[in-house]
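Values in this text are rule-based calculations from the coordinates and carry no lab data. Worth saying up front: this structure is predicted, and the values here are computed from it rather than measured. Every residue, glycine as well, gets a Cβ built from its backbone with ideal geometry; the counts of neighbours run over all protein chains shown.
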């Protein structure tokens, strides 16, 4: 006598979700998508803010006990216009020194400089320097124009700009990154040599050009 063996078909497991679980999954997925889109928007806004800060010449003062400065791009070299953003740790009288000849690659010669005194507050300020022509007794004379907090002054240069080729060999000009210096240190903002052609070769007559540096008022 044989007995028949019957086998039941395998049971398939079905994953079941409650309505509440489904709603939670949908909400979580929506939140993740929203966070991702928000981060992309935040990153874009951060780039825009960084660009605006660079355009405005924002100065990153990480140590307020030091003097900070950076150059700001205001055009091409041929425009003969320069701008800097400054921060001094202590408000007081400072000297903007301008030298037009006997400019070497390093160092300063205060005996050959024309000085402009200005009161600088202990906050970020802007300094503008440009070279312009002005008519004087029927002659075109190049002048260095300085615009600082509370001061606008023009200095006659000691060299004939109209004889120069308009080419400038710059050394030591500050870059567009924040740089710090000791409070009593002389800070060279711009060291540029004017060039002209003489006898088919480049010449630097009497090392003409412009050297601008910032220092505390030596008289105080």
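Residue 126 to residue 43: FRET efficiency via 1/(1 + (r/R0)^6), r the Cβ-Cβ distance, R0 30 Å, to the nearest 0.05? Walk me through the numbers before you get to the answer.
Details: r = 30 Å, r/R0 = 0.99.
Efficiency for this residue pair is about 0.50.
So how much slack lies between residue 185 and residue 219, counting 0.36 nm per residue of separation and subtracting their Cα-Cα distance, in nm? Can you show the working numbers first?
On the way: separation 34, 0.36 × 34 = 12.24 nm, distance 1.52 nm.
Extra length available between residue 185 and residue 219 comes to 10.7 nm.
Residue 134 to residue 25: extension gain in nm, 0.36 nm per residue of separation minus the Cα-Cα distance? Show your work: numbers first, answer last.
Values: separation 109, 0.36 × 109 = 39.24 nm, distance 7.46 nm.
Length gained, residue 134 through residue 25: 31.8 nm.
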Query - Pairwise FRET efficiency - residue 63 versus residue 154, Cβ, R0 = 25 Å, nearest 0.05 - result: 0.10
